[in-house]
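So the structure is just underneath, and the comments pick up after that.
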Protein chains: 2
Amino acid sequence: MTRHLPHTARSDARENRARILDAACTVFGEEGLSAPVREVARHAGIGPATLYRHFPTKRALIVETFAEQRRACHAVVRDALADSDPWHGFRNLVEQICELHARSRGFPDAFMTAFPEAMDFVADRERMLRAVTELARRAQRAGRLRPDFVVDDLVLMLMAHRGVQDVPPAARFLASRRFAAYVIEAFRAVPG
Amino acid sequence: MTRHLPHTARSDARENRARILDAACTVFGEEGLSAPVREVARHAGIGPATLYRHFPTKRALIVETFAEQRRACHAVVRDALADSDPWHGFRNLVEQICELHARSRGFPDAFMTAFPEAMDFVADRERMLRAVTELARRAQRAGRLRPDFVVDDLVLMLMAHRGVQDVPPAARFLASRRFAAYVIEAFRAVPG
DNA sequence: AGTCAAGCGGACGCGTGCGTCCGTTACGGT
DNA sequence: ACCGTAACGGACGCACGCGTCCGCTTGACT
C-alpha cells in the first residue's frame, strides 16, 4: 500500500530522496528527534529546500524515516508469537525491542509518544499490543510470566527505556541490555 | 553554609525571590526544564528582568530551585541507611526516590544528567552513591539483594525512570509506583 | 543537439526563547 | 515628609530552527 519511490520521478530526485532518508536515519538515530532538519540536509549533501520538497514537514520526514524500523518491530513481534516456547519468545521480544530502540536514538520517541495521532502508527500499535497480549497469556499459562502482568507494564518499561538513551554513547548499548535483562527478571513468575 | 536569603536585602526583593523560587518549582515541576523562563516570571507575577537580576541565568535558577529536593534526597538516603533491616531500607529508598522524581517533572533531568559539572551536585552524588553502596552491601549480606547488583544498576534504573515522566499526568504517579515495584522485584535475590 | 519542465539551493520571513538596557517606581533611613 | 538608591519591568538585541521563494541547473524526451 505504501509505494516508496514514484518510479515516474527523475533519477536525481529519486537518488536525493534516498540520500535524505539515509541521512535522516543516521542523524535522528544519533542525536534524537530534536536534531535540526538542516543537519539532515547537510549530512545528505543537499540544500534545505530540496529536503522540504521531498518531505513537506519535519513530521513527514520522521514518519518516513522510521518506517523501516517499524517493520523490524513487526517482524520481532511476529517471530516472538511464532516461538513454540512462549516465555522464550517473550524474553526475545523484550531484548530485541530494547535493542531496536537503543540502536537509534529518536525511534523510541517517535514510536512511543511523539506522534500518537499518526493513524497508521496507532493502528500498528493496536495490532502489536494485541499480539503481545496473546503471547503474554500463553507465557502466563506456562507459568513462566508473572500472573499479574498486563501489557501496559511492557509499555511502561519501554517508556522507561527511553530514559537510558541519555547515558553516554559509549555505555548505551550495555546499559540497554542490562536494562532489558532486569525487565525480564522483574516479569518472571516467582517459582512456587 | 548555604544562606538562602540575604537579610540585608530590601523586603520586596526578598519576597520576589521567594515568589520566583515558588513559581519555578511549580512550572519546572509540571512542564520540565524546557519551560521558558518567562513562564516562571509570569507565574510569579513579575517581569523577566527582575527574575534575571535574582538569578543571572536559567541554570542558576534551576539549581536553586531544586536545592530543597536535593535535601529531601539526602534525607531519604540517610533514613535508608539508618534502617535496621537493610533490605527494607533499600526498598524504601527505591520507592521514595522514584516518588520524589515523579513529583516534579524537571528534577530528575536536573539531577541525573543536565548539570554534571555543577560541582556541589557531583559532590552530593558521590556521597550518596557511596552511601547506597554501603546499604547494598548490607542487603546483599542479608541475602535479600541479588549478589550481582552494583550501584550503577540503580543509577541506570533512575535514568530509566525519567522516561515514565512522559506518560499522561493522570497516570504518572501510578506508573511511577508500578515501575518502582518492578525495579525492586528485579533487584531481589532469587531464593535458593 | 535542442528544448522545456522538473529539480535544485542560497537567501529570506517568521516565531520563539535567552539575556540586557534604561526610564520609572517605591522602599527605608533621616 | 524628603531624598537617594536599590529594585522593578517593558522593550530591545541576538541566536536558532522551521518552512518558503525565485533565479539557476540539469535530466530526459525528441
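The values are calculated or read from the model by the stated rules, or taken from the named source; none is laboratory data. Here the structure is a predicted model, which means the values were calculated and not measured. Ideal geometry is used to build each Cβ from the backbone, glycine not excepted, and the neighbour counts take in all protein chains shown. Heads up: the accessible areas ignore ligands, DNA and RNA and are worked out on the full protein's heavy atoms, side chains in. Shrake-Rupley method; radii C 1.70, N 1.55, O 1.52, S 1.80 Å.
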Task: Relative contact order, percent, the range B:66-187 [alpha-carbon distance under 8 Å, six or more residues apart] - done: 33 percent
Open item on the list: If you average the alpha carbon positions of the range B:149-183 and of the range B:48-66, how far apart do those two centres end up, in angstrom?
Closed with: 29 Å
Open item on the list: I want to verify the translational diffusion coefficient of the protein assembly as shown in µm²/s; compute it with Stokes-Einstein, Rh as the Kirkwood radius over Cα pairs, at 4 °C and 1.567 mPa s.
Closed with: 56 µm²/s
Task: Derived scalar couplings ³J(HN,Hα) [the range B:71-84; Karplus, 6.51 cos²θ - 1.76 cosθ + 1.60; whole Hz; x for Gly, Pro] - done: 4, 4, 4, 4, 4, 4, 4, 4, 4, 4, 5, 7, 5, 6
Task: Vicinal HN-Hα couplings computed from phi for the range A:132-140 (Karplus, 6.51 cos²θ - 1.76 cosθ + 1.60; Hz; Gly/Pro x) - done: 5, 4, 4, 4, 4, 4, 5, 5, 5
- [ ] Specify the residue with the greatest mean-square fluctuation among B:ILE46, B:ILE97, B:ILE62, computed from a Gaussian network of chain B linking alpha-carbon atoms under 10 Å apart.
- [x] B:ILE46
Task: Residue of A:ALA170, A:ALA123, A:ALA24 that the Gaussian network model of chain A assigns the largest fluctuation, springs spanning Cα pairs under 10 Å - done: A:ALA170
TODO: Rank B:ALA102, B:ALA49, B:ALA180 by mean-square fluctuation in a GNM of chain B with C-alpha springs under 10 angstrom and give only the top-ranked residue.
DONE: B:ALA49
- [ ] Please name which of B:PRO36, B:ALA102, A:ASN92 has its Cα lying farthest along the dipole of the protein assembly as shown towards the positive end, using unit charges on Cβ (Lys, Arg +1; Asp, Glu -1) and the Cα centre as origin.
- [x] B:PRO36
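Can you give me the orientation-averaged projected area of the convex hull built on the Cα atoms of the range A:66-187, in nm²?
Values: hull surface 27.6 nm².
Over all viewing directions, the range A:66-187 projects a mean Cα-hull area of 6.9 nm².
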Task: Cα gyration tensor, the range B:1-56 - rounded (a/c under 1.5), prolate or oblate - done: prolate
Open item on the list: Heavy atoms only, 1.4 Å probe, whole protein assembly: order A:SER104, B:SER11 by accessible area, highest first.
Closed with: B:SER11, A:SER104
Open item on the list: Given Cβ point charges of +1 (Lys, Arg) and -1 (Asp, Glu) and nothing else, what value in debye, to the nearest 20, does the dipole of chain A about its Cα centre take?
Closed with: 220 debye
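For B:HIS88 and B:ALA9, FRET efficiency with R0 = 41 Å and r from the beta-carbon atoms, rounded to 0.05? Each step should come with its number before you reach the end.
Working: r = 45 Å, r/R0 = 1.10.
Working from the Cβ atoms, E equals 0.35.
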Open item on the list: How much accessible area per residue does the range A:66-187 have, counting only protein heavy atoms and a probe of 1.4 Å, in square angstrom?
Closed with: 45 Å²
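How would A:THR57, B:THR50, A:THR65 rank on accessible area, largest to smallest, probe 1.4 Å?
Values: A:THR57 65, B:THR50 35, A:THR65 10 Å².
Largest to smallest exposure gives the sequence A:THR57, B:THR50, A:THR65.
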